[in-house]
Amino acid sequence: MKSRICDLLNIEYPIFQGAMARISDASLAAAVSEAGGLGIIAGGTAPADFVRAEVRKAKELTTRPFGVNIMLLSEFADDIAKMVCEEGVKVVTTGAGAPGKYMDIWKEHGIKVIPVVPSVAIAKRMVRSGADAVIAEGTESGGHVGELTTMVLVPQVVDAVEVPVIAAGGIGDGRGIAAAFMLGAEGIQVGTRFLTAYECTVHPNYKQKVINAKDIDTVVTGRPTGHPVRIFKNKLSRQFSELETKAAPLDEYEKLGIGALAKAVVQGDMDFGSVMAGQIAAIVSKEQSCKEIITEMFLEAEALLKRDWR
Ligand code: TUI
């Protein structure tokens, strides 16, 4: 299933490991890149020197290309944008905003820029500003999400832009890969399935939560803030719902959210932590290496695409 994405980025399988804030570190990213996909270190809300240290660790662990994701709401986005140039990072993905102001320096440094887009209009804007490809991310994803599903977003973005489209949101096995390619995608991004990878350093309680998940176990919180976030239903998500019910002022959402991701990822607090995951968590049933995950997913997709439909 080679595509333009493999040629553009010099990777074997057209799969990106989704950047999960506080989770996608050098260990996970290097393992995915070593397995032939594109590992991605999440900048999240971390300072540039923290992310730089992860980039350097990843370089020790793999000679293959890997990326850095810049979450554009971060106060450190400008610093990380500069850091990736200094460190010779090959690929940058962006989330939660438009990276236009960084395009020139990234291009000067030969960096491939692949923004996440939640709509056709934003996809077109990103391509006009110089994006090499776009990641069309459906609302099935974990974390900060848009409104449209992967099923409707991907074909519309494919029709609207000339650059390759990577599908994200709700993809956790070979069926998801095959479906995404049938919608016109030339690559896929997977986050949730990698949460249970051996090389993923997230707290064991978080992994178990994913393994135990059922189809309806996630919910989108924080809609009134303009930054809706999909997390597992728990005591924290119920507190967020109460804020919505009583139309609380927006700073109360912020207070509730501060430190909640670290509580889940580092301390393993599944009650009051922000346990971000996609709706596909329910089909993730075991721990595996990144290599096993990737080879299994593509074997399944390739078999499906050769299937006789009679
Ligand atoms: O960024 C993500 N997912 C994330 S970021 C994150 S950390 C966070 N924590 C609390 C609040 C907010 C973030 C956790 N998960 N996905 C990519 C993504 N990008 N989803 C939606 C967008 C997006 C939205 C608007 C991309 C571009 C955009 O453009 C707006 C504009 O200004 O043009």
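The values are calculated or read from the model by the stated rules, or taken from the named source; none is laboratory data. All values reported here derive from a predicted model rather than from experimental measurement. Cβ atoms come from the backbone with ideal geometry, glycine included; neighbour counts cover every protein chain shown. Keep in mind that these areas ignore ligands, DNA and RNA; they rest on the heavy atoms of the full protein, side chains included. Shrake-Rupley method; radii C 1.70, N 1.55, O 1.52, S 1.80 Å.
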quick note, the chain, DSSP beta bridge pairs, % antiparallel (nearest 5) is 20 percent
With every protein chain in place, the accessible area of V220 for a 1.4 Å probe, in Å² rounded to the nearest 10, comes to 20 Å²
Taking protein heavy atoms only, a 1.4 Å probe, and rounding to whole percent, the accessible area of segment 112-173 owed to carbon and sulfur comes out at 55 percent
In whole Hz, the Karplus estimates of ³J(HN,Hα) for segment 278-289 (6.51, -1.76, 1.60; θ = phi - 60°; x where Gly or Pro) are x, 5, 6, 3, 4, 8, 8, 10, 7, 7, 8, 6
With every protein chain kept in place and a 1.4 Å probe, segment 67-110 has an accessible area per residue in Å² of 44 Å²
Counting only protein heavy atoms with a 1.4 Å probe and every protein chain in place, the carbon and sulfur fraction of the accessible surface of segment 214-276 in whole percent equals 56 percent
If amide H atoms are modeled at 1.01 Å from N in the peptide plane, then the residues at a separation of 5 or more from N69, or on another chain, having amide H under 5 Å from its own are I41, A42, G43, T93
For the T225, A121 Cβ pair and Förster radius 22 Å, calculated FRET efficiency rounded to 0.05 is 0.55
In this structure, among K59/K107; K82/K124; K90/K124; K101/K214; K57/K207; K57/K107, pairs with alpha-carbon gaps over 31 Å are K101/K214
Once all protein chains are kept in place, L250 shows an accessible area at probe 1.4 Å, nearest 10 Å², of 90 Å²
Taking a ≥ b ≥ c as the square roots of the Cα gyration tensor eigenvalues, with a/c under 1.5 meaning rounded and otherwise prolate when a/b beats b/c or oblate if not, segment 214-276 comes out oblate
Heavy-atom accessible area per residue of segment 214-276, all protein chains kept, 1.4 Å probe, expressed in Å², is 54 Å²
Here the FRET efficiency for S289 versus K2, based on Cβ atoms and R0 = 25 Å and rounded to 0.05, is 0.65
Taking 48-60, 174-186, 26-38 and ranking on average Cβ neighbours within 10 Å, highest first, one gets 26-38, 174-186, 48-60
Filtered hits (lysines, Cα-Cα < 17 Å from K255, offset >= 8 within chain) -> K235, K246, K263
Percent relative contact order for segment 214-276, counting Cα pairs under 8 Å at least six residues apart, stands at 31 percent
Under the Karplus relation with 6.51, -1.76 and 1.60 and θ = phi - 60°, whole-Hz ³J(HN,Hα) for segment 204-220, x at Gly and Pro, equal x, 4, 5, 4, 5, 4, 5, 5, 7, 4, 10, 3, 9, 7, 10, 8, 8
Expected field for E302, accessible surface area in Å² at 1.4 Å probe radius, rounded to 10, holds 60 Å²
Cβ-Cβ cut-off under 12 Å around V92, Lys and Arg +1, Asp and Glu -1: the net charge is +2
Row for segment 66-216, column shape: gyration tensor on C-alpha, a ≥ b ≥ c, rounded if a/c < 1.5 i.e. under 1.5, prolate if a/b over b/c, else oblate; value oblate
Rg/Rh of the chain (Cα atoms, Kirkwood Rh), to two decimals, equals 0.94
Label model pair M182, D159: point-to-point distance (7 angstrom along the Cα→beta-carbon line) in nm is 1.8 nm
